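One structure is given here, and the rest of the page talks about it.
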Amino acid sequence: MLPFYVVTDCEFDGPVAGTNSMFSFGSVAVSAGGDILGAFETVLEPLEGAVADPATMDFWRRNPQAWAAATDNPEPAAAGIKRFVDWVGSLEGEPIFAAHPLALDGPWIDFYLKRFTGRALLEGPWVSDRLFRHPPLCLMSMVAGHTGRGQWDCDVEKYPQEWLGFVEHTHRAIDDARGYANLLSFLIRNRLT
């Protein structure tokens with residue numbers, strides 16, 4: 001079976017998974033050849049007992065449209081995560097989690113997977129039914145390696161719009177995931193040889 005990527009973007013109310021809550025996330029599946037295979041989006045209810053970070057909430061107050069998209073019509077987190085796991089499992093191939101940057105979005109998905117499914121983002125090869133068959137991919141690092149840019153220059157605001165498929169970065173999770181999926185597709189199709 002061929003691998004495919006699950007490009008994911010998360011929105012949250014603070015920097016620490018569990019202390020804070022993830023409001024929403026969106027994922028776009030991208031084939032090993034760069035084709036878009038499908039998309040997933042959910043808005044989640046806040047975690048019981050979690051608190052919002054004041055600095056993060058200042059960002060949301062300055063971005064009311066993004067706030068509305070990240071919080072409108074939430075579902076219980078357990079239900080949203082189960083739907084995500086089912087969606088990943090419905091796609092043919094060996095899924096690889098990807099994010100831009102992995103260090104930001106990966107811990108959120110890992111925490112929510114562990115809390116609501118008992119699974120982890122990265123499980124050892126001794127786990128026969130792993131959700132993600134291979135280690136996660138950091139798209140920011142991929143851009144740095146592909147282009148020779150410094151990591152500090154690998155930011156969505158510094159990329160040519162063509163790399164993102166002309167998808168605006170809105171902080172609505174599915175929009176941002178689509179842009180990053182287009183970025184991955186662009187990099188796959190324009191490999192350096």
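Values in this text are rule-based calculations from the coordinates and carry no lab data. Treat the numbers as computed from the prediction; the structure is a model and nothing was measured. Neighbour counts are summed over all protein chains in view; Cβ atoms, including those assigned to glycine, are modelled from backbone coordinates with ideal geometry.
What does the charge count near PRO135 come to, summing +1 for each Lys or Arg and -1 for each Asp or Glu among other residues with Cβ under 14 Å from its Cβ?
Details: positive: ARG130, ARG133; negative: GLU94, ASP110, GLU123.
With Lys, Arg at +1 and Asp, Glu at -1, the net is -1.
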Region 144-175 and region 6-39 have their Cα centres apart by a whole-number Å value of 15 Å
Using the reciprocal of the averaged 1/r over all distinct C-alpha pairs, how large is the Kirkwood radius of region 9-53 in Å? 11.9 Å
How big is the gap, in Å, between the Cα center of region 114-135 and the Cα center of region 76-103? 11 Å
Give me the mean projected area, in nm² to one decimal, of the convex hull enclosing the Cα positions of region 132-193. 4.9 nm²
Order by neighbour count: ILE36, ILE174, fewest other Cβ atoms within 10 Å first, most last. ILE36, ILE174
For HIS146, project a label point 7 Å along Cα to C-beta. Then give me every residue of region 85-120 with its amide nitrogen under 20 Å of that point. 94-106
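Which ordering of PHE186, PHE97, PHE59 is given by a fewest-first count of other beta-carbon atoms within 10 Å? Walk me through the intermediate numbers first.
Values: PHE186 18, PHE97 25, PHE59 13.
In order of increasing Cβ crowding within 10 Å: PHE59, PHE186, PHE97.
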Students often get this wrong: which residues of region 142-170 have the backbone nitrogen under 15 Å from the point 7 angstrom along Cα-to-C-beta of ARG189? 161-167
Which ordering of TYR159, TYR112, TYR180 is given by a fewest-first count of other beta-carbon atoms within 10 Å? TYR159, TYR112, TYR180
Please list, in order along region 65-82, the HN-Hα scalar couplings obtained from phi with the Karplus expression 6.51 cos²θ - 1.76 cosθ + 1.60 (θ = phi - 60°), rounded to whole Hz, x for Gly and Pro. 5, 5, 4, 4, 5, 7, 10, 6, 6, x, 10, x, 4, 4, 5, x, 5, 4
Note to self, the chain gives a 222 nm [θ] from helices alone (DSSP H runs n ≥ 4, -39500 (n - 2.57) apiece, / all residues, nearest 500) of -12000 deg cm²/dmol
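Run the numbers on the chain and let me know its relative contact order in percent, using alpha-carbon pairs under 8 Å that are six or more apart.
26 percent
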Stokes-Einstein diffusion coefficient for region 48-132 at 10 °C in a medium of 1.306 mPa s, Rh from the Kirkwood formula over Cα pairs: what value in µm²/s? 106 µm²/s
With r as the distance between the Cβ atoms of ASP86 and ASP58 and R0 = 35 Å, compute the FRET efficiency 1/(1 + (r/R0)^6) and round to 0.05. 0.45
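What shape does region 38-193 take by its C-alpha gyration tensor, where a ≥ b ≥ c are the square roots of the eigenvalues and a/c under 1.5 counts as rounded, a/b above b/c as prolate, and the rest as oblate? Mind dumping the intermediate values first?
Values: a/c = 1.77, a/b = 1.11, b/c = 1.60.
Oblate, because a/c is 1.5 or more while a/b does not exceed b/c.
Under 12 Å from the Cβ of ARG119, count the other residues' Cβ atoms, weight Lys and Arg +1, Asp and Glu -1, and hand me the total.
Cβ neighbours under 12 Å give a net charge of +1.
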